[in-house]
Amino acid sequence: MKIIKKAQAGSFESSDILILAEKPKDTKGRVIQLNSIVEKQYGDTILKTVNAILDKFEVADIHLVIHDKGALTPVIEARMETVLLRASNNQKGTMY
Amino acid sequence: MKNSLNRNIPEFINGIGKIAPFTGAWNKLKKGWMDELTISPPNKAKLPHQKKLTETLKEAITKTSPKDGMTVSFHHHLRNGDFILVETIKILAELGIRNITLASSSLNDSHTELIKYIKDGTITKIWTSGIRGKLGKAISEGIMENPVIIHSHGGRVRAIHTGKIAIDLCIIAASAADEEGNATGAIGKSAFGSLGYARIDSRYSKQVIVVTDNLVEFPCFPLSIQQNFVDYVVKVASIGDPTKIASGTTRITKSPMDLRIAKLAADVIEKSGYFKNGFSFQVGAGGASLAVAKFIRKKMENKEIKGSFLLGGVTSYGVDMLNEGLFKTIFDVQSFDAEVSSSLYNNKNHIEISASLYANPYNCGCMTNKLDIVVLGALEVDVDFNVNVITGSKGYLRGASGGHCDTASGAELTVVVCPSFRGRISTINKRVDTIVTPGESVDVVVTERGICVNPNKPELAQILVKAGLNIRNIEDLQKEVEKIVGIPNPIERTDKIVALIEYRDGTAIDVVRQLKTVE
């Protein structure tokens, strides 16, 4: 999947996660900036979840900015999926 | 060495001395007396018509001849609005006093400035029931050489009786006082209600200064603090910020989760067998815990049940129940909002009590021993029903022991209410980070995912199952929650002890070690 535009999914609410996705500017690969209230306890778990979704959608080059307020894994997966569909112009639905 | 809850406790701590390990919630009390020697309160004398009024706090403090290594005590009835504690330490620092032991009944966000005085050696030891915010963070990261000692409200009284806390100077902020030092918190622009925690200090401190922003004509009553224990009286412009001391009335939470848990807890209470005419009741002041009162109130009205007394930290919600005749009496050691102060002043059935009468394990009957039902909160609970109310999910000191273990020990039915997880942080764990209240004194844990009954109360479990409540094994619940939130990385700590958690009988129930990684 190719990232072609800026997109976001999620919110700043407690127990949710806000994810911003865009094309990486000059670099190749995945650049992930994670900011989480549970970074100490779950930082690596969150990155694992994020990378697993990127793998699933075969995203090689992406810049992600993530603000997590303690979202559970299924929430992270859902927000990731949405942001990727939006950023790759694959979203089918009422919003676009 | 290991204490009876399998916690690793050192036999000796520098700056504290020999450590007695926790051996069981009621083990030491079975004897019927306390082996530790008690000290006698000071005997003082004043000449007839000798004046106690001094111009400034600094003048009063200077008159008490402060010295290095002294112990200074405070009460925390002014909560986050307190101006007096930091002001006193500032004056002592200006006078060049060092190595102070600070013994406040609790500490909160208004005491953040203390960090400075800990760093420069003005304060080197601390006794308190709670520590929060930046101060808790700094201490968890190891800014003090000696560990902080965390006591319960009842345990503090015992520590003063035994001279472990040997108070040289006690500062009592009061919202009304007269020239002889009779003082109360029930009236005045800075009214805060009960002065329950300060009474023991006034009796045992070598010197007592009453500080007020409302000097009234003699005599000031009710005599929450009595003139025969007071050395000096100071009038200041303000003892604190009234909006942060006590404001308005306490509202019941609107959080659907808290209300759901509170409703389940009220169902447990109703079916438990302890919900009957003449029952006594205490609830915490926050979230789900206070919300239980709302459901209990309805159940009392529906079933026409009248209670005996409400105990503890009192909110306007409790006052409403008193006024409606649902309870006969309130015993008030600490008042949480403005409306409580006026009730304390005007209603003879609303009675101010000292911390000793409230919860001291070593007397002939504290009120917590007479308690039927208590509802308490928790930061986390473990599969052995041990409760942590002092260290947060990142390991920082951020709470208070308060009356948690006192009431749990005393009540016939101890109900702990908490969501099964908060954000991504599990509250039902294999092992709590820090034990404040031992599991053997906790009967029921109520979460939105089910109700767990302590295996040491099989009859209670049977009654609740029969009543159709969702009773679950706590280990199953722990595993279920772990599956939802995942397994967190462990909190990394060094060997250095930053806090000793005392059980109410003075034994060491746990210690908190310094955090390895700082934010």
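Structure summary
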read-out: Tally, over the stretch B:223-246, of residues that are in a helix (DSSP H, G or I), crowded, with 20+ Cβ neighbours inside 10 Å and at pLDDT 95 or above; value: 2
read-out: Test set (1) within 14 Å of chain B (Cβ to nearest Cβ); (2) in contact with a Lys or Arg (Cβ under 9 Å, 6 or more places away or on another chain); (3) buried (at least 19 other Cβ atoms within 10 Å of the Cβ); (4) farther than 24 Å from residue B:396 by Cα - residue A:12 fails condition number; value: (3)
read-out: Qualifying residue in the stretch B:454-464 (condition: within 14 Å of chain A (Cβ to nearest Cβ) and either β-branched (Val, Ile, Thr) or touching a strand residue (DSSP E or B) at 6+ places or on another chain (Cβ under 9 Å) (or both)); value: no
read-out: Check on residue B:390, among the aliphatic types (A, V, I, L, M), open to solvent by less than 10 Å² (accessible area, probe 1.4 Å), in contact with a strand residue (DSSP E or B) (Cβ under 8 Å, 6 or more places away or on another chain) and more than 30 Å from residue B:353 (Cβ to Cβ); value: no
read-out: Given (1) open to solvent by 40 Å² or more (accessible area, probe 1.4 Å); (2) under 18 Å from the mean Cα position of the chain (by Cα), index of the condition residue B:217 fails; value: (2)
read-out: Count of the stretch B:496-518 residues which are charged (D, E, K, R) and either within 14 Å of chain A (Cβ to nearest Cβ) or more than 26 Å from residue B:405 (Cα to Cα) (or both); value: 1
read-out: Positions within the stretch A:15-42 being β-branched (Val, Ile, Thr), within 19 Å of residue A:56 (Cβ to Cβ) and open to solvent by less than 20 Å² (accessible area, probe 1.4 Å), in sequence order; value: A:17, A:19
read-out: Options A:83, A:75; residue that is among the aliphatic types (A, V, I, L, M) and either within 18 Å of residue B:482 (Cα to Cα) or surrounded by fewer than 21 Cβ atoms within 10 Å (Cβ to Cβ) (or both); value: A:75
read-out: Given (1) surrounded by fewer than 18 Cβ atoms within 10 Å (Cβ to Cβ); (2) touching a residue at least 12 places away in the same chain (Cβ under 8 Å), number of the condition residue B:7 does not satisfy; value: (1)
read-out: Among the residues listed as A:49, A:45, the single one being among the β-branched types (Val, Ile, Thr), touching a Gly at 6+ places or on another chain (Cβ under 7 Å) and either within 20 Å of residue B:483 (Cα to Cα) or within 13 Å of chain B (Cβ to nearest Cβ) (or both); value: A:45
read-out: Entirely in the stretch B:16-132, the strands (runs of 3 or more DSSP E) that have 1 or more residues that are buried (at least 18 other Cβ atoms within 10 Å of the Cβ) and basic (Lys, Arg); value: B:123-128
read-out: Hey, residue B:150 modelled with pLDDT of 95 or more, in contact with a helix residue (DSSP H, G or I) (Cβ under 7 Å, 6 or more places away or on another chain) and either under 20 Å from residue B:121 (Cβ atoms) or open to solvent by less than 10 Å² (accessible area, probe 1.4 Å) (or both) or not; value: no
read-out: Spans of strands (runs of 3 or more DSSP E) in the stretch B:362-441 with at least 1 residues in contact with a helix residue (DSSP H, G or I) (Cβ under 9 Å, 6 or more places away or on another chain) and among the polar types (S, T, N, Q); value: B:413-417
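Residue by residue, here is whether (1) within 16 Å of residue B:375 (Cα to Cα); (2) over 30 Å from the mean Cα position of the chain (by Cα); (3) without any contact (Cβ under 8 Å) to a residue 60 or more places away in the chain holds:
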position	(1), (2), (3)
B:432	no, no, yes
B:443	yes, no, yes
B:449	no, no, yes
B:454	yes, no, no
B:479	no, yes, yes
B:486	no, yes, no
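Residue-wise test of (1) crowded, with 24+ Cβ neighbours inside 10 Å; (2) outside any helix (DSSP H, G or I).
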site	(1), (2)
B:302	no, no
B:305	no, yes
B:309	no, yes
B:321	no, no
B:330	yes, yes
B:339	no, no
B:344	yes, no
B:348	no, yes
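The values are calculated or read from the model by the stated rules, or taken from the named source; none is laboratory data. All values derive from a computational prediction rather than experimental measurement. Methodologically, a virtual Cβ is constructed for each residue, glycine included, from the backbone with ideal geometry; neighbour enumeration extends over all protein chains shown. Ligands, DNA and RNA are excluded from the accessible area calculation, which covers all protein heavy atoms including side chains. Shrake-Rupley method; radii C 1.70, N 1.55, O 1.52, S 1.80 Å.
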